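Notes for the one structure printed next.
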Amino acid sequence: NRYNQSIAPDPHRTDYVKFGGLYRDVYLVTKNKLHVTFNWEYFDAGVHITTPTVNTNNGTVSVKTTVANDNSVVKNCKIETLIIDADGYVIKKLISNTSIQPNSKHTFRQSTVIEDNYNQWSPDSPYLYRAHSIIYENDKPVDFVENTFGFRTFQLVKGKGFVLNGKPLFLIGANRHQSYPIIGDAVPNSFHYNEALQYKKAGMNILRLSHYTQDDAFIKACDE
């Protein structure tokens, strides 16, 4: 999409400008043959975190982690998932073991209840935990992955509107596109974070991301 004074970088009539090429972070990752898969590979892949129950004083977190054995022999695999609070303390340690057949995958399913150091997530108090998973081959660490998550529940209630963690929340927001003047869609991560901060300072607590999956950096900034 080289600049051309007479042609806008738009393949068709749309209500927003479309750019092409690599405009987000790109990583080349080298992994051990015994490793956590990537989330986009299959339906059961990578790390999938849910919070099946969210109560006032406690919550349940469920972590589903898929590990691939690309070796030609069976491997004894252990996964150790650490639940870490916002202050950096390990509040739970989940350990599972299994043997994974050659050129096969296994999905570990781990869950626990958080009572001590339990905090709910909200726009005014965006409390995030970390799930830090380490993969061991015969007690030797060979891979790790870390994700953040929060405890929150929301619903639409007649007469109350949007209810977050049991309390009505008046939603104030806007519609956001990812492009910037001059630089188009190739927005630095720091810009994404700064823009999320600007929305926050303007009193907003919700955003519509149109019309596409936007940069992970912006989603992460919203979580924070």
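The values are calculated or read from the model by the stated rules, or taken from the named source; none is laboratory data. All values reported here derive from a predicted model rather than from experimental measurement. When we count neighbours, we look across all protein chains shown, and the Cβ atoms used for this are built from the backbone with ideal geometry, even at glycine. Side chains are part of the model used for accessible areas, which takes the heavy atoms of the whole protein and leaves out ligands, DNA and RNA. Shrake-Rupley method; radii C 1.70, N 1.55, O 1.52, S 1.80 Å.
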*Kindly indicate which of I183, I172, I135 is open to solvent by less than 80 Å² (accessible area, probe 1.4 Å) and in contact with an Asp or Glu (Cβ under 8 Å, 6 or more places away or on another chain).*
I135
*Is it true that L209 is open to solvent by less than 50 Å² (accessible area, probe 1.4 Å), of a type outside the set (D, E, K, R) and in contact with a strand residue (DSSP E or B) (Cβ under 8 Å, 6 or more places away or on another chain)?*
no
*Of residues in the range 197-206 being open to solvent by 60 Å² or more (accessible area, probe 1.4 Å) and not polar (S, T, N, Q), the one nearest to S179 (Cα to Cα)*: L197
*For the subset of the range 156-169 comprising residues that are more than 21 Å from the chain's Cα centre (by Cα) and of a type in the set (A, V, I, L, M, F, W, C), which member is most open to solvent (accessible area, probe 1.4 Å)?*
L156
*Quick one: which strands (runs of 3 or more DSSP E) sit completely within the range 37-132 and have at least 2 residues that are over 16 Å from F151 (Cβ atoms) and open to solvent by 30 Å² or more (accessible area, probe 1.4 Å)?*
75-84, 90-100, 104-114
